[in-house]
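Everything below concerns the one structure shown next.
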Amino acid sequence: MNTLRYSVNNWRLDLPAGVIVHHQTGEIRRLGEYQIKLLFCLAQHAGQTLSRNELTALVWERRVIGDNSLSNAIHALRVALEDDGKLQKVIKTIPKRGYLLEAEYCQTAEQPTTEGSPQGVELAIAPGPEPVAPSACPAIKLSARLKKIPHALILAVLAGLLLITLSGWYASSIHNSDMVYHEQGKNRFSNIRTYKVSLSSDNSGDDDLARFNTFFQKFNQTLINQDAGMTVYYRTTEQMLNYTFAIETPCASQQLAMTLYHWRIDSEKLVNIINRETERVLNEMAECKKPQQ
């Protein structure tokens, strides 16, 4: 049985899986639930201008959302589709009217529903912790919020490693609690903490994430501006990087687990992926409302 599929700017939409897949490279990019629905809706109405109210009703239905939810979702789609936010060749903002997906960048095709999943960089969102309610005590500092993450997050990372690793030896090592985590580059960034997950017998250095220092330095300032913190856990092998991060603000938290294969080959592409996905998660998070004066 064939089904109609949409492709936007060479990215094929897979609505049930919540991902877009690049036609040439096979790279997989996971989108949020409402982001993929928004893209699907825009593709269905390619060439038509849809108002903010129409998009909100079609995508979020009767849910109550923040004022910037649609704008943030549009921004995340532009990043995922590699659509310059200033040029807006793919998704255009129509002032005082709404948004339009250019028809020339949208294609439709019938493909078998049994089509296998393409190979590529797979990104999977791990279940995040419950949203954090704003503290009633203003004396609690950011460092205290960061300290709450490690124990719960490390369990999620180890569980993720257990699921995605095919090696019985590796799974056995985790099960027998032979995995440890060590903080890397302590106090290097005020609002970012990184932990390396490894076997207790692994005494390798801490330079695996050195290539991310420029990104971390820039993103650290973004976190400071939003009173947010990020904790990173990673595990490396020769061919694979397991990278999990959690972002926490005074009113929300979210985490993402990624598995990147052949990660040592192209450092620039690797950093771009980490950069893109980290910014996407932060943009998806609910904005903290400032208390009324």
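The values are calculated or read from the model by the stated rules, or taken from the named source; none is laboratory data. Predicted model only: the values in this text are computed from it and were never measured. Every residue, glycine as well, gets a Cβ built from its backbone with ideal geometry; the counts of neighbours run over all protein chains shown.
It is to be established whether one or more residues within region 54-73 are β-branched (Val, Ile, Thr), more than 20 Å from residue 256 (Cα to Cα) and surrounded by fewer than 12 Cβ atoms within 10 Å (Cβ to Cβ).
Yes: one or more hits.
Say we look at region 223-264 and pick out the residues that are among the β-branched types (Val, Ile, Thr) and assigned to a strand (DSSP E or B); which of these is nearest to residue 288 (Cα to Cα)?
Among those that are among the β-branched types (Val, Ile, Thr) and assigned to a strand (DSSP E or B), it is 247.
Check every one of the strands (runs of 3 or more DSSP E) wholly within region 43-162 and list those with 3 or more residues that are at pLDDT below 50 and closer than 25 Å to residue 191 by Cβ.
Answer list for region 43-162: none.
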